[in-house]
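Note sheet for the following structure.
The values are calculated or read from the model by the stated rules, or taken from the named source; none is laboratory data. In this text, all values refer to a predicted model and were calculated from it rather than measured experimentally. Virtual Cβ from ideal backbone geometry, glycine too; neighbours counted across all protein chains shown. When the accessible area is computed, the model is the full protein with side chains, heavy atoms only, and any ligands, DNA or RNA have been set aside. Shrake-Rupley method; radii C 1.70, N 1.55, O 1.52, S 1.80 Å.
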Amino acid sequence: MGFLDIFSNNHRDEDWAEQTRLQDWNDIVYTRKDVDMDDPVQRREYIGSCLLQMQEAARELDALEFEYNDVTSHLRDMEEIDALPPEQRAEIDECAQKIVDSQVAKEKFGKRKSKMTDAEFERMERLQKDARSGAGKLAEAESYQKKIRNDLKRLDSEHEAYMFQEEELLGTIENTKRLIIAIGVALVVILIFLLSLQFALGLNVVYGYMVTILLSAIAITVLYVQNSNAAVELKTVTKSISRLIMLQNQVKIRYVNNTNLIDYLCIKYGVNSSKELTDLYERYEQEVKERAKFEDARKLLDSNEKDLIYMLRHYRVKDPDIWIHQVEALLNHNEEVEIRHSLNVRRQSLRKRMEYNRDVVAGNAKLEIEDMARQYPKYTQEILDMVSKYEDKYPNV
């Protein structure tokens with residue numbers, strides 16, 4: 001015998017032991033072998049245990065009977081519906097079909113890919129009055145922002161050009177001053193040299209004086225004119241830079257205010273741009289239409305369900321509300337057969353449980369008490385008194 005065969009045999013032995021144990025648990029055993037019936041305490045405890053079993057069975061029977069009657073009522077309702085004349089049944093089927101259509105529309109809406117989240121919808125619902133105008137304001141502010149940035153870029157370029165020009169003019173002024181000083185020094189040196197030639201060697205240097213002074217005068221005059229022109233132009237450039245800075249400040253103020261406006265509008269509407277806000281508002285409008293359709297379908301579903309309940313109640317159906325949850329069974333014969341089979345299986349199970357509690361639990365306990373009364377006639381009256389109190393409390397067992 002292989003290992004698998006041994007394992008299979010062990011498994012069958014365990015199943016048999018389990019079934020035996022469950023069967024033992026289902027059996028109720030009565031024995032007075034270890035009970036001293038002449039002892040009043042033990043006698044009353046034993047009789048009380050039998051009555052407690054009957055009491056437990058009575059409670060279970062009440063619950064089972066209620067459920068059994070409910071299942072039976074559902075089956076009778078199905079029979080009442082199946083027995084309706086064709087015209088009346090057609091009305092019910094028509095109403096049931098409307099309910100199914102509404103339920104399908106409702107499920108389709110629930111499964112659809114929503115165009116926006118509930119949080120976005122609620123936010124847009126609060127801001128719907130000025131969302132469209134807000135999108136226009138935001139778009140206008142963004143367009144104005146681009147113009148301001150272009151202006152700032154142009155002003156920055158002009159500022160850099162003026163600053164470069166100012167630097168060049170300052171260099172020109174500084175260079176002309178240095179050249180004038182250099183020419184002056186050179187003139188003094190040349191004059192000293194010419195004087196030395198005149199007095200030391202007795203040479204005639206009149207023309208030298210004339211040429212030197214003339215060239216120096218011309219050079220100094222040219223440099224002076226350049227310096228003066230540069231100084232005048234520098235004043236003009238400085239004024240232009242000052243005006244440009246003031247203009248930049250004005251544009252920067254507009255830029256900051258417009259930026260703050262854009263930030264505020266984005267925070268207010270929970271977006272990052274006017275395009276996003278416009279798209280959000282358009283999705284909101286579409287969502288409003290779809291939710292309105294869903295609400296209409298829901299109201300129609302409620303109305304059709306009420307109509308169906310009214311018709312079924314009018315046709316003597318005791319529990320019409322349950323058909324709202326199994327409306328397909330009114331239209332689909334296979335669905336109806338399946339529900340009917342399920343109800344029959346439930347009723348059979350309930351009947352089995354009722355018979356067990358009534359015949360096995362309560363019945364055996366009652367037989368045990370009757371047997372005790374026959375075997376111990378001297379305690380009959382005591383037993384009858386205890387049974388009488390129990391029957392007053394549970395008359396149906």
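Residues in region 317-331: is at least one part of a loop (DSSP other than H, G, I, E, B), in contact with a His (Cβ under 7 Å, 6 or more places away or on another chain) and modelled with pLDDT of 85 or more? The answer is yes, given that some residue of region 317-331 is part of a loop (DSSP other than H, G, I, E, B), in contact with a His (Cβ under 7 Å, 6 or more places away or on another chain) and modelled with pLDDT of 85 or more.
Reported count of residues in region 321-342, each being touching a Leu at 6+ places or on another chain (Cβ under 9 Å) and of a type in the set (A, V, I, L, M, F, W, C), is 4.
I'd like to check something: does region 226-244 contain any residue that is assigned to a helix (DSSP H, G or I) and closer than 30 Å to LEU138 by Cα? Taking every residue of region 226-244 in turn, at least one turns out to be assigned to a helix (DSSP H, G or I) and closer than 30 Å to LEU138 by Cα. Among the residues making up region 71-81, those that are open to solvent by 40 Å² or more (accessible area, probe 1.4 Å) and either under 24 Å from ASP302 (Cα atoms) or touching a residue at least 60 places away in the same chain (Cβ under 8 Å) (or both) are ARG76, GLU80. Taking (1) farther than 17 Å from ASP321 by Cα; (2) part of a helix (DSSP H, G or I) in turn, MET116 satisfies each apart from (2). For first residues located in region 48-61 and surrounded by 14 or more Cβ atoms within 10 Å (Cβ to Cβ), partners that are modelled with pLDDT of 85 or more and lie 6+ apart or on another chain with Cβ distances below 8 Å form the pairs GLU60/ARG353; LEU61/MET354. If only one of LEU265, LEU179, LEU214 is in a helix (DSSP H, G or I) and closer than 30 Å to ALA131 by Cα, which one is it? Answer to the selection: LEU265. Does GLU160 qualify as being open to solvent by 60 Å² or more (accessible area, probe 1.4 Å) and closer than 30 Å to ALA231 by Cα? It is true that GLU160 is open to solvent by 60 Å² or more (accessible area, probe 1.4 Å) and closer than 30 Å to ALA231 by Cα. Number of residues in region 92-121 that are surrounded by 13 or more Cβ atoms within 10 Å (Cβ to Cβ) and either modelled with pLDDT under 75 or touching a strand residue (DSSP E or B) at 6+ places or on another chain (Cβ under 8 Å) (or both): the value is 4. On the given criteria, is MET124 more than 25 Å from ASP302 (Cα to Cα), touching a helix residue (DSSP H, G or I) at 6+ places or on another chain (Cβ under 9 Å) and not acidic (Asp, Glu)? Yes; evaluated as a whole, the condition is true for this residue. Within region 246-285, the residues that satisfy the criterion of being open to solvent by 70 Å² or more (accessible area, probe 1.4 Å), touching a residue at least 24 places away in the same chain (Cβ under 8 Å) and among the aliphatic types (A, V, I, L, M) are LEU247, LEU261. In the condition set (1) within 30 Å of SER133 (Cβ to Cβ); (2) open to solvent by 50 Å² or more (accessible area, probe 1.4 Å), VAL206 is compliant with all but (1). Apart from one condition, LEU84 fits all of (1) among the aliphatic types (A, V, I, L, M); (2) part of a helix (DSSP H, G or I); (3) crowded, with 17+ Cβ neighbours inside 10 Å; the exception is (2). Modelled with pLDDT of 85 or more, among the aromatic types (Phe, Trp, Tyr) and either open to solvent by 80 Å² or more (accessible area, probe 1.4 Å) or under 18 Å from LYS129 (Cα atoms) (or both): does that describe TYR310? Judged against the criteria, TYR310 is a match. Looking across region 294-305, the residues that are open to solvent by 50 Å² or more (accessible area, probe 1.4 Å) and touching a residue at least 12 places away in the same chain (Cβ under 8 Å) come down to PHE294, ARG298, LEU300. Across region 166-186, which residue is nearest to LEU215 (Cα to Cα) among those that are open to solvent by 60 Å² or more (accessible area, probe 1.4 Å) and in contact (Cβ under 8 Å) with a residue 24 or more places away in the chain? If we take residues in region 166-186 being open to solvent by 60 Å² or more (accessible area, probe 1.4 Å) and in contact (Cβ under 8 Å) with a residue 24 or more places away in the chain, then LEU179 is nearest to LEU215 (Cα to Cα).
On inspection, PHE66 fails the criterion of being of a type in the set (A, V, I, L, M, F, W, C) and open to solvent by less than 70 Å² (accessible area, probe 1.4 Å). The set of residues from region 328-359 being open to solvent by 90 Å² or more (accessible area, probe 1.4 Å), of a type outside the set (S, T, N, Q) and either under 45 Å from the mean Cα position of the chain (by Cα) or within 19 Å of ILE92 (Cα to Cα) (or both) comprises HIS333, GLU338, HIS341, ARG346.
A quick yes/no check of all residues on (1) under 30 Å from PHE109 (Cβ atoms); (2) among the aliphatic types (A, V, I, L, M):
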| site | (1), (2) |
| --- | --- |
| ASP302 | yes, no |
| HIS314 | no, no |
| GLN326 | yes, no |
| GLU355 | no, no |
| ASP359 | no, no |
| ALA365 | no, yes |
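When ASN150, ASN69 are screened for being closer than 30 Å to ILE322 by Cβ, out of contact with any Leu (no Cβ under 9 Å at 6 or more places or on another chain), in a helix (DSSP H, G or I) and polar (S, T, N, Q), only ASN69 passes.
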